[in-house]
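Written out below as structure tokens is the structure these notes cover.
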Number of protein chains: 2
Amino acid sequence: MVINVTRTLFVCVVLGQSMVAAELMPLPLKMTPGEGKLRIESTFGAAITGYSDARLVSAAARFVRQIAKQTGIPIAPGNFDKTLTIDCHEAGPAVPDLGEDESYRLDVTEGHASLQSASVTGALRGLATLVQLIGTSTEVPGIHIEDRPRFSWRGLMLDVSRHWMPVEVVERNLDAMAAVKLNVFHWHLSDDQGFRVESKRFPKLQRLSSDGNYYTQDEIRHVIDYARDRGIRVIPEFDVPGHATSLLAAYPELGSAPGPYSIERRWGIFKPTLDPTREETYAFLDAFFEEMAALFPDRFFHIGGDEVDDTQWKNSRAIQKFAQEHHLADSRALHGYFNGRVQALLKKYGKSIIGWDEIFGPDLGRDAVIQSWRGGASLAEAANKGYRGVLSFGYYLDHLKPASEHYRADPLGIAPNETARILGGEACMWSEYVSQDTVDSRIWPRAAAIAERLWSPREVTDIDSMYRRLESVSSLLDWTGVEHRSNYQRMLDRLGGGESLRILADASEASGIEVRQKARQYTSLVPLNRFVDAVRPESQGVRRLEQEARRLTANHGGESSELSVAFTVWARNDARLRPPAELAALSKNLSTVGSTGLLALNYLRTGQAPPDGWIAEQIRALDGMQKPDAEVILAAPRPLRLLLNALAENSKK
Amino acid sequence: MVINVTRTLFVCVVLGQSMVAAELMPLPLKMTPGEGKLRIESTFGAAITGYSDARLVSAAARFVRQIAKQTGIPIAPGNFDKTLTIDCHEAGPAVPDLGEDESYRLDVTEGHASLQSASVTGALRGLATLVQLIGTSTEVPGIHIEDRPRFSWRGLMLDVSRHWMPVEVVERNLDAMAAVKLNVFHWHLSDDQGFRVESKRFPKLQRLSSDGNYYTQDEIRHVIDYARDRGIRVIPEFDVPGHATSLLAAYPELGSAPGPYSIERRWGIFKPTLDPTREETYAFLDAFFEEMAALFPDRFFHIGGDEVDDTQWKNSRAIQKFAQEHHLADSRALHGYFNGRVQALLKKYGKSIIGWDEIFGPDLGRDAVIQSWRGGASLAEAANKGYRGVLSFGYYLDHLKPASEHYRADPLGIAPNETARILGGEACMWSEYVSQDTVDSRIWPRAAAIAERLWSPREVTDIDSMYRRLESVSSLLDWTGVEHRSNYQRMLDRLGGGESLRILADASEASGIEVRQKARQYTSLVPLNRFVDAVRPESQGVRRLEQEARRLTANHGGESSELSVAFTVWARNDARLRPPAELAALSKNLSTVGSTGLLALNYLRTGQAPPDGWIAEQIRALDGMQKPDAEVILAAPRPLRLLLNALAENSKK
């Protein structure tokens, strides 16, 4: 019997305390409950019984450390108990590779776990599953799992140009990626606002274009090794010919207009663009790509290619003349010519290119991969024409949309038959509105929902199940080192305000780029240390209260201690907080929701009807409260709205 | 004018939000308010204008990174602005040394900060002060500070034997130590439960006596460098001749009774003891000390020497014969003989010994330092006889006493005239009841109060001021990387229970070793992952409520939103939590406190008298609740008790 994978919950009781085992995300292809159970004790040991190498040995040691951390059980690294046996058939590719075998089988039986895989990467995936099965509990019920990914390209893009992300940020996010089986780290290393890689050949890049914030080549090799150990490919992106202001700040002679250029501090699309008509440009790129191709082992190399502003091209007589001579009808054709040259350069160094939507054109070589960000249609079109593609439209984490929206986006949504060419998807974390302190909470836990979309069977779509498991995984990710949870209180403490500021923050949701870019003039020098930067994209607490409101109204009344405590605390919070000016309205609204909520609960409990017009008036008030304020949206009205709707229903009867 | 140093609070408003500047801990010797203010902006730069070396350059870079982190202001490392000038006279000792000059002067004026010091270590101390002055705010008001420590030995001892502490735990605690100007890291590296150092000469030590949990020599060198960069001495302790079971597990032939021995898993004082009568013992120690003396550069070397159980000595005919021949009247004399031999060995390698109380005896060479743990009297006695001493009695963090108790213990408390010989003090973190996950919250923030006792003028004794500043420093320490705050929610999440478990934890205080050792049979294999391990030693929230209760009763009634929200939430918490069996009584008691609290508030507000006997009955109930339960003590009754006392007073009038 294959159990309903979306409804599994393990609870066990240890030392008189209930410890909740984490649920799985992404869900495996197949899970069958088994006999017996595995107890995690201080004698736990992992033994490699088949193929072995340094990568597998360190993965097994990391696994033991991780479960010791999560469970709190002191497990010595020198243990010889074969509690877990790892039977791996062969190494697999030396560097994680597109389409490699990631499958595994995992059996938990009485006192034992057994993991089998074709490759080391498969073993890594199985260990990630076992880490989640164990969670923070000390017992794992028997289970049989067979698993492999639906898509072979499951990525996370991180923009380290707009806001600098030190190596430790990358490391901890690689750990979290591995925990949810993401396998491509797409490293957006250059943009208008900074060039983040040390070049030995072109040292002006780091000297003049990075503000001192760049990765040395040693650090890059370290990150690649770190990722490889976790079965993650590293794909560098150097964005050309647009989004290249920082490059031109170091080498203005490569621009389509005379310099000088300086590092861009604003956000947007800017005019500085490489000159696609001069051989010097290609000579530079040739030498630079050669250096970078040797540094990054992956066979794909990302050339960006998005949002090319053609003003400089149009204004340059030389460029226009060149275009005419080469029968390049318009800027798009010129861009296509540029891409063709770049593609040829990289081919010399054994690389296939990947680029954003805009690189797609008639002259593009067939081995290119299109990363679709402007819509699913372009992905479908590329696939129809024989190109491989990766979906990012729908996976833009910087919009701070609910996880459920990302979860609904499917790479095969528009082109269901192109399974061979649509390789998967990539969550994108653009960094206009995140810093190294806030980025984790903008990636996690929502990226885990995307990870499930890309790994698990297409039929896994239950939103409630997803959210329940997301909460569990979020709490587990905390033990991998990402700071999406630990940074929250720290950032609120910075603002003063104590417990009552936290209560306001818990009931609020941060807005994404769409709201923030209109709210004020941001640049890379504006600190991201305000309330909106601390507040999470989704309020877990309010989601629970919504569930509670649904339960209550489905039962036609009764008591809800959860709702009544929350409303009481909210009602009094404004008086306790004495909020700063920016948060005055938000805080007042929260207390209004609380007071109204207490009244609504009372009407529901007593069955007494509210005065005429009261419900409509409250709903209108809520409408006003659910607009962005201080770049934040109050989530608190949502459960109250459910109660008011129920009261309205009741009054119709 | 010298301002009252215990009453300084800076508040500033940034971006419409109040950001509270951290207050100083330890308080400096002298502080005078000045003109103007310094704004922290993204152009901030630190320039070294006097003596410079690698240690100072890295300290300046670390300083800039730290304030960028705390404030959230993006400051590029390549900035050339001379916002801060550091004028250091000379290097000072190559390795941080006892009694080195740590003084500095710091001036904050309009748009500028200027730091002057005699040595690099002095500059480090000044930078630590400036980090706190800035706190999380973006403006520092003008100030002039002159500062130097009261004691030159300000230590933290960490026991890494009973529970293993990986390098990252040590690193982050060194960062926190430096932040509060502690300058001695006393590394308790061996004990019955594990030998934690790699020895090239005696590899069985790590192979047989560590369970695989030990520091390689490379790691030790790294930690020493890391500490040196932060102006912290590293003193290794190898505990001999007692507390040596793990050593004997590797080299049983050195024992006072025939082996075999195995690593001890229990806590306590055990019989295995080195044989002080055989030359083989000293040959081993000579070779081992030679190796370790070369590894650890500090001129002090800790030989432990505490709690020697002499059963094996008394039972050995050979040892007794030796004692007789050498006129060693009793075990104490035998121990003294051993210490003399050990002291001579270490002298060969340029080391002075330091040891616990018990090493003090007639034959001890005068350069030995006595670390007093059994009482201040032994410290005074040693000082009287011309020995130097360090106080640890009163600074045992593992007792989980309130910070105020440690704060009241003064190294010169018993021997006020021995200023030359009493070098300072050391906070001790024994690790029977802490793991790598919980240790930070048992050290911090309380160790900061001890740091102030050891650095600041003796007259700085205001407990309220200390607690207010401790709270501020605790929140700032969060940004150095110690996990005393971030681990709290993570550990509670592990237990399930959500928000209501946190409410119970917030209102509770964990018990220390004295309660825990009686509560159940602990060993090194018993997980420290229960409620008591998450709960903090002191409840900041309850302390605030006590203040609020004092304010309210001093005003003879009125409203208190804080108290009324807290009591309401507590009153309903038990129903929400549905606690596990272990916490059932605790949770029920919390709700009782809440309900009673609401009644008490009502009596106070209305002036209505409670029924006869009600107050006495409630106070009796509270007495019962304030006993350890589940190794935890409910703190919640404390503010209620104040209200009840006030009602009792009122009823007398």
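Read-outs throughout are calculated quantities, based only on the coordinates presented, and are distinct from any laboratory measurement. Since the model is a prediction, treat every value here as computed from it, not as a measurement. Methodologically, a virtual Cβ is constructed for each residue, glycine included, from the backbone with ideal geometry; neighbour enumeration extends over all protein chains shown.
Shown for B:Asn315: label points 7 Å from Cα along the beta-carbon vector, and their distances to the equivalent points in the other copies, 9.3 nm in ascending order. Listed from fewest to most Cβ neighbours within 10 Å, the set A:Glu471, A:Glu264 follows the order A:Glu471, A:Glu264. For region B:153-462, the ratio of Cα radius of gyration to the globular rule of thumb 2.2 N^0.38 Å stands at 0.96.
Pairs with C-alpha atoms separated by more than 20 Å, drawn from the list B:Lys588/B:Lys627; B:Lys271/B:Lys314; B:Lys314/B:Lys351; A:Lys401/A:Lys627, are B:Lys314/B:Lys351.
Rounded if a/c is under 1.5, else prolate if a/b is larger than b/c, else oblate: which is region B:307-371, with a ≥ b ≥ c the root eigenvalues of its Cα gyration tensor? Taking the square roots of the gyration eigenvalues as a ≥ b ≥ c, region B:307-371 is prolate.
Extending 7 Å from Cα along the Cβ direction at B:Lys30 and again at A:Val167 yields two label points whose distance is 4.4 nm. Summing charges over all other residues whose Cβ lies under 9 Å from the Cβ of A:Trp164, with Lys and Arg as +1 and Asp and Glu as -1, gives +1. What share of the DSSP beta bridges in chain B is antiparallel, in percent to the nearest 5? Here the share of antiparallel DSSP bridges comes out near 40 percent.
Expressed as a fraction of 2.2 N^0.38 Å, the value expected for a compact globular protein of N residues, the C-alpha radius of gyration of region B:486-652 is 1.08.
For region A:155-212, pairs of C-alpha atoms spaced more than 14 angstrom apart make up 57 percent of the total.
Projecting the Cα atoms of A:Gln626, A:Tyr488, A:Thr553 onto the charge dipole of region A:486-652, computed from C-beta unit charges around the Cα centre, puts A:Tyr488 farthest toward the positive end.
Put a plus charge on the Cβ of each Lys and Arg, a minus charge on the Cβ of each Asp and Glu, and nothing anywhere else: the dipole of the protein assembly as shown about its Cα centre is then about 1840 debye. Given +1 at the Cβ of Lys and Arg, -1 at the Cβ of Asp and Glu and no other charges, the dipole of region B:153-462 around its Cα centre is 440 debye to the nearest 20.
Based on alpha-carbon positions alone, could you give the equivalent ellipsoid semi-axes of the protein assembly as shown from the gyration tensor, as √(5λ), descending, whole Å?
Semi-axis lengths for the protein assembly as shown are 51, 40, 34 Å.
Dipole size of chain A about its Cα centre, with +1 on Lys/Arg Cβ and -1 on Asp/Glu Cβ: approximately 940 debye, rounded to the nearest 20.
State whether region A:433-571 is rounded, prolate or oblate according to the following rule on the C-alpha gyration tensor (a ≥ b ≥ c being the square roots of its eigenvalues): a/c under 1.5 gives rounded; otherwise a/b larger than b/c gives prolate, and the remaining case gives oblate. Oblate, because a/c is 1.5 or more while a/b does not exceed b/c.
Once you place label points 7 Å from the Cα toward the Cβ at A:Ala61 and A:Asp87, how far apart are they in nm? Placing both labels 7 Å along Cα→Cβ, they lie 2.6 nm apart. Shown for B:Ser58, B:Ser456: other C-beta atoms within 10 Å of each C-beta, ranked fewest to most, produce the order B:Ser58, B:Ser456.
Separation of region B:154-169 and region A:448-484, taken as the distance between their Cα centroids, equals 35 angstrom.
You can think of it this way: the chain between A:Ala609 and A:Tyr522 has 26.4 nm of extra reach, that is 0.36 nm per residue less the Cα-Cα gap. Extension gain for the segment A:Glu279 to A:Ala581, taken as residue separation times 0.36 nm less the Cα-Cα distance, is 103.0 nm to one decimal. Averaged over the residues of A:103-113, the number of partner chain Cβ atoms lying within 10 Å of the residue Cβ comes to 0.
Once the mean of 1/r is taken over each pair of separate Cα atoms and inverted, region B:363-411 shows a Kirkwood hydrodynamic radius of 11.5 Å.
Considering only region B:153-462, what is the antiparallel percent among its DSSP beta bridges, to the nearest 5?
The answer is about 10 percent antiparallel.
Look at the stretch B:317-328: the mean tally of other chain Cβ atoms within 10 Å of its residues' Cβ atoms is 0.
Run the Debye formula on the Cα coordinates of region A:399-486, all scatterers equal and no solvent, and tell me log10 I(q)/I(0) at q = 0.19 1/Å. Cα-only, vacuum Debye calculation for region A:399-486: -0.92. Here A:Ser587, B:Ser137 are placed in order of increasing Cβ neighbour count within 10 Å, fewest first, which gives B:Ser137, A:Ser587. With respect to the axis relating copies B and A by rotation, the chain B residue whose beta carbon is closest, plus that distance in Å, is B:Ser486, 2. Ascending distances from the B:Lys385 label point to its copies in the other chains, with the point 7 Å along the Cα-to-beta-carbon line: 9.2 nm.
Only Cα pairs under 8 Å and 6+ residues apart enter the sum, and on that basis the relative contact order of chain A stands at 11 percent. For region B:5-147, the alpha carbon convex hull comes to 99 Å³ per residue, rounded to a whole number. Less than 5 angstrom separates the built amide H of B:Leu38 from those of B:Gly111, B:Val140, B:Gly142, all sequence-distant by 5 or more or on a different chain. Does region B:298-431 classify as rounded, prolate or oblate by the C-alpha gyration tensor (a ≥ b ≥ c root eigenvalues; a/c under 1.5 gives rounded; else a/b over b/c gives prolate, otherwise oblate)? It is prolate, given that a/c is not under 1.5 and a/b is the larger ratio. Plainly put, the tip 7 Å out from Cα toward Cβ on B:Pro402 is 4.7 nm from that tip on each other copy, the closest given first.
Legend: helices of chain B (whole DSSP H runs) are marked when their alpha-carbon atoms reach 30 angstrom or more along the helix axis and their mean Kyte-Doolittle hydropathy is at least 0.0; marked are B:584-606. Full extension of the chain segment joining B:Ala94 with B:Lys385 gains 101.6 nm, where the gain is 0.36 nm per residue of separation less the Cα-Cα distance.
Taking each residue of A:202-215 in turn, how many C-beta atoms of other protein chains fall within 10 Å of its C-beta, and what is the average?
2
When Rg and Dmax are taken over the Cα atoms of chain A, they come to 26.7, 83 Å. The calculated FRET efficiency for A:Asn602 paired with A:Lys652, based on their beta-carbon distance and R0 = 30 Å, is about 0.95. Taking the helices alone, the protein assembly as shown has a mean residue ellipticity at 222 nm of -13000 deg cm²/dmol, built from -39,500 (n - 2.57) per DSSP H run of at least 4 residues and averaged over all its residues.
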